[in-house]
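The structure appears right after this line, and notes come after that.
The values are calculated or read from the model by the stated rules, or taken from the named source; none is laboratory data. Predicted model, so just to flag it, every value in this text is computed and none were measured. For neighbour counting, all protein chains shown are included, and Cβ atoms are generated from backbone atoms with ideal geometry for every residue, glycine included. Protein only, heavy atoms only, side chains kept; ligands, DNA and RNA dropped before computing areas. Shrake-Rupley method; radii C 1.70, N 1.55, O 1.52, S 1.80 Å.
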Amino acid sequence: MKLLLINPNTTASMTQKAAAAASKVARPDTEIIATNPVHGPYSIEGFYDVALCLPGLLEEAARHKDVDAVIIACFDDTGLDAMRCLVDVPVIGIGEAGYHAAALLAHRFSVVTTLSRSVAGIRDNLTRYGLATKCASVRATDIPVLKLEEGDPACLDQIRDEIRAAISQDNAEAIVLGCAGMADLMQQLSAEFGIPVIDGISCAVGMAEALVAAGLSTSKAGAYTAAVDKRSVGDLA
């Protein structure tokens, strides 16, 4: 089984971190193909960055046709619907995967993310997925995404502070880590706090493997009908 893991931003270290998290939980016979676009934003922090990364994300996916499923390794589930129009295989966003896993494991969960401007998009997605009532809170650490790549202990302390507040103030019973850059913290923080602290990459891998094993693929009956390339000849040159 081949899973295409796409980091929609252009920061290779984040792609490598996502690939490590995916490989850690993948089945022995699953191949993780991790990649990122050459052109686009260095990080995705809000609606504008989401728009900037879409062309590169879709072009990168089009380069990898022989895969069994696609995982979009951005917590905003960047380009999720467009990707489902582009390919026939299952497509899973790590935000979507993390939310659904949390809903299965706890009555109420909280999301701990990076910058405050990312909160609106997260709340929009929770509503779209029908999970807004399961989410006790969305808390921002105000850590820039790329700061997570530095391994600064102060960043981990900020994440801990928000998890602690989500548990004590919001009655959260599970935590969803709201950035692919936090993927390496799942096991450590779960052990520290004694509740599920969920990384969407790990969950997305298992969900993708399950869908492929079941022989299921993206429906092309309506909204995800195959995409038609409407670019002009000049655009394609």
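Charges at C-beta only: +1 for Lys and Arg, -1 for Asp and Glu. How large is the resulting dipole of the chain about its Cα centre, in Debye rounded to 20? Present the calculation step by step, with values, prior to reporting the outcome.
Working: 19 positive and 29 negative charges, 95 e Å.
Dipole magnitude for the chain comes out near 460 debye.
Quick check on segment 104-213: take the gyration tensor over C-alpha atoms, sort the square-rooted eigenvalues as a ≥ b ≥ c, and tell me if it's rounded (a/c under 1.5), prolate or oblate.
Numbers: a/c = 1.35, a/b = 1.19, b/c = 1.14.
Here segment 104-213 falls in the rounded category.
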Among the Cα-Cα pairs of segment 19-82, the proportion with separation greater than 17 Å, in percent, is 44 percent
Using Cα atoms only, what is the angle between the long axis of helix 47-62 and the major principal axis of the chain, expressed in degrees (0 to 90) to the nearest 10? 50 degrees
With a 1.4 angstrom probe the carbon and sulfur portion of accessible area for segment 58-209, in percent, totals 51 percent
Val111 long-range amide H proximity, modeled H, under 5 Å: Ser137, Val138, Arg139, Val176
If you fit an axis through the alpha-carbon atoms of helix 94-105 and take the longest principal axis of the Cα set of the chain, what angle between them do you get, 0 to 90°, nearest 10? 50 degrees
In degrees, nearest ten, helix 12-25 long axis to first principal axis of the chain (Cα): 80 degrees
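What number, in percent, do you get for the relative contact order of the chain if the mean sequence gap of Cα pairs under 8 Å and at least 6 apart is divided by its residue count? Could you put the intermediate results ahead of the total?
Numbers: 463 pairs, mean separation 55.1, N = 237.
Over the chain, the number comes to 23 percent.
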Report the rotationally averaged projected area of segment 49-132 based on its alpha-carbon convex hull, in square nanometres. 6.0 nm²
May I ask you to evaluate 6.51 cos²θ - 1.76 cosθ + 1.60, the Karplus curve with θ = phi - 60°, for each residue of segment 215-223 and list the ³J(HN,Hα) values in order in whole Hz, giving x for glycine and proline? x, 9, 9, 5, 5, 10, 7, x, 4
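Ordering Thr114, Thr225 by accessible area with a probe of 1.4 Å, largest first, what comes out? Working shown, then result.
Details: Thr114 5, Thr225 70 Å².
Descending accessible area places them as Thr225, Thr114.
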Over 32 Å between C-alpha atoms is what I'm after, so list which of Lys17/Lys230; Lys134/Lys220; Lys24/Lys230; Lys147/Lys230; Lys24/Lys65; Lys147/Lys220 land there. Lys17/Lys230; Lys24/Lys230; Lys147/Lys230; Lys147/Lys220
Debye, to nearest 20: dipole size of segment 121-237, +1 on Lys, Arg Cβ, -1 on Asp, Glu Cβ: 660 debye
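Per residue, how much accessible area does the chain show when a 1.4 Å probe rolls over the protein heavy atoms, in square angstrom? Walk me through the numbers before you get to the answer.
Working: 10800 Å² over 237 residues.
For the chain, the solvent-accessible area averages 46 Å² per residue.
Rounded, prolate or oblate: which one fits segment 1-154, using the alpha carbon gyration tensor with axes a ≥ b ≥ c (rounded when a/c is under 1.5, else prolate when a/b beats b/c, else oblate)?
Details: a/c = 1.42, a/b = 1.25, b/c = 1.14.
In terms of gyration-tensor shape, rounded.
Nearest 500 deg cm²/dmol is fine: what mean residue ellipticity at 222 nm does the chain get from its DSSP H runs of n ≥ 4 alone, each adding -39,500 (n - 2.57), divided by its residue count?
On the way: 9 runs with 103 residues, N = 237.
-13500 deg cm²/dmol, from helical runs alone.
Let me have the relative contact order for segment 1-93, percent, based on Cα pairs under 8 Å that are six or more residues apart.
Values: 168 pairs, mean separation 31.9, N = 93.
Averaging sequence separation for qualifying contacts and normalising by length gives 34 percent for segment 1-93.
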Just to confirm a number: summing +1 for Lys and Arg and -1 for Asp and Glu over residues other than Asp161 whose beta-carbon lies under 12 angstrom from that of Asp161, what do you get? 0
Give me the Kirkwood hydrodynamic radius of segment 157-210 in Å, from all C-alpha pairs, to one decimal place? 11.6 Å
Any residue on another chain or 5+ positions along whose placed amide H is under 5 Å from the amide H of Ala34 is listed here as Leu5
How big is the gap, in Å, between the Cα center of segment 97-128 and the Cα center of segment 151-203? 12 Å
Select from Leu105, Pro90, Ala154 the residue farthest towards the positive end of the dipole of segment 86-161; place +1 on Cβ of Lys and Arg, -1 on Cβ of Asp and Glu, and compute about the Cα centre. Leu105
